[in-house]
1. Restricting segment 6-39 to residues that are in a loop (DSSP other than H, G, I, E, B) and open to solvent by less than 20 Å² (accessible area, probe 1.4 Å), which is nearest to residue 140 (Cα to Cα)?
2. Looking at segment 243-259, which of the residues that are of a type in the set (A, V, I, L, M, F, W, C) and under 14 Å from residue 156 (Cα atoms) is surrounded by the fewest Cβ atoms within 10 Å (Cβ to Cβ)?
3. Do you know which residues across segment 153-186 are β-branched (Val, Ile, Thr) and more than 16 Å from the chain's Cα centre (by Cα)?
4. Can you find, within segment 40-66, the residue that is farthest from the ligand (Cβ to nearest atom) among those that are assigned to a helix (DSSP H, G or I) and closer than 15 Å to residue 95 by Cα?
5. Assuming residue 69 fulfils every condition listed in (1) open to solvent by less than 50 Å² (accessible area, probe 1.4 Å); (2) within 16 Å of the ligand (Cβ to nearest atom) apart from one, which condition is it?
6. Within segment 159-242, which strands (runs of 3 or more DSSP E) (wholly inside it) include 3 or more residues that are in contact with a helix residue (DSSP H, G or I) (Cβ under 8 Å, 6 or more places away or on another chain) and open to solvent by less than 10 Å² (accessible area, probe 1.4 Å)?
7. Can you say whether residue 84 is assigned by TED's automatic domain parsing to the domain that holds residue 107, surrounded by 15 or more Cβ atoms within 10 Å (Cβ to Cβ), among the β-branched types (Val, Ile, Thr) and away from the ligand (no atom under 16 Å from the Cβ), as far as the supplied structure shows?
8. Is it the case that residue 140 is at pLDDT 95 or above, buried (at least 21 other Cβ atoms within 10 Å of the Cβ), part of a loop (DSSP other than H, G, I, E, B) and of a type outside the set (D, E, K, R)?
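The values are calculated or read from the model by the stated rules, or taken from the named source; none is laboratory data. No experiment lies behind these values; they were computed from the predicted model shown. Virtual Cβ from ideal backbone geometry, glycine too; neighbours counted across all protein chains shown. These accessible areas exclude ligands, DNA and RNA; they are computed on the full protein's heavy atoms, side chains included. Shrake-Rupley method; radii C 1.70, N 1.55, O 1.52, S 1.80 Å.
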Amino acid sequence: MRSIIDISDLSVEELQELIGVAEDIIANPEKYQDACKRKKLATLFFEPSTRTRMSFEAAMYELGGNVISVSSAASSSAAKGESVADTVKTVSCYTDIIAMRHPKEGAAYVAAQNASIPVINAGDGGHCHPTQTLADLLTIWREKGRFDNLTVGFCGDLKFGRTVHSLITALARYTGIKFVLISPQELKLPSYIKKDVLKRNGLQYVQTMDLESVMPELDILYMTRVQKERFFNEEDYLRLKDSYILNPEKLKKAKPDLCIMHPLPRVNEISVAVDDDPRACYFKQVLNGKYMRMALILKLLKEAGTI
Ligand code: CP
């Protein structure tokens, strides 16, 4: 049974296929409105979410299917000590596909090992978030028309930011990509990603603490929130939380076709004054996420022989 735990579980060809299906859904939504009729998606969210859970649910409804949901750990038997393995064995009896978010790294892998239906990782701790990457890739594709030869800046919490880890892993497979990693010392990209993804593939990257000095060279600027929930002490969070605040002044040196991205939610790292800038793409990412999740649900249910 095929599950999607990491973005590397999808080949470059499959990413392009999903983008093609998402674009067809955007152009011809009526073609897909009964594609998952009488099928069910379970959204198991043991950690807070607005976009990921709701876009998965909207995706399944727009495919003609239904949704059952656990929206918090406190409202499920996880609160009584039930394991992830037992939870997904149970949920496999009721539904056709699972999207799961969990605060522990590796939880989605455990779920996939124990479920008898496809499992989609909707974020596992500070590890990865492959379906956010699908949203990000469709956004880049629609804004830039390519994945090759782009200079991509990642700014903020690169240590705990799972969306950063997944998007770097995805973009590492294209040619001519240059990564600019902008963070405080304490929030640098984990060394396992530098070693296993960047160095192993011979990719160009620079690390800096100074956003403004690199701004003119960026094609994409991917801002991130400092992930308060993953800090061990509040003092460190308070010291680092305002490290980068993007505002119209800082964008004066940026390219006219810069693509400003953020997985959201934001706290204060992008000033609301930037929202009216035509280069702001973060609410486009939100909508693109629904279409890519529709395409992924379709693909996994077809491969499982469910539809
Ligand atoms: N981007 C993202 O994962 O947002 P939510 O936490 O609201 O799902």
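1. My answer is 10.
2. Filtering first and then ranking leaves 245.
3. 175, 177, 180, 182
4. Checking each candidate, the answer is 61.
5. Just one mismatch for residue 69, condition (1).
6. 178-182, 220-223
7. Spelling it out, residue 84 is indeed assigned by TED's automatic domain parsing to the domain that holds residue 107, surrounded by 15 or more Cβ atoms within 10 Å (Cβ to Cβ), among the β-branched types (Val, Ile, Thr) and away from the ligand (no atom under 16 Å from the Cβ).
8. no
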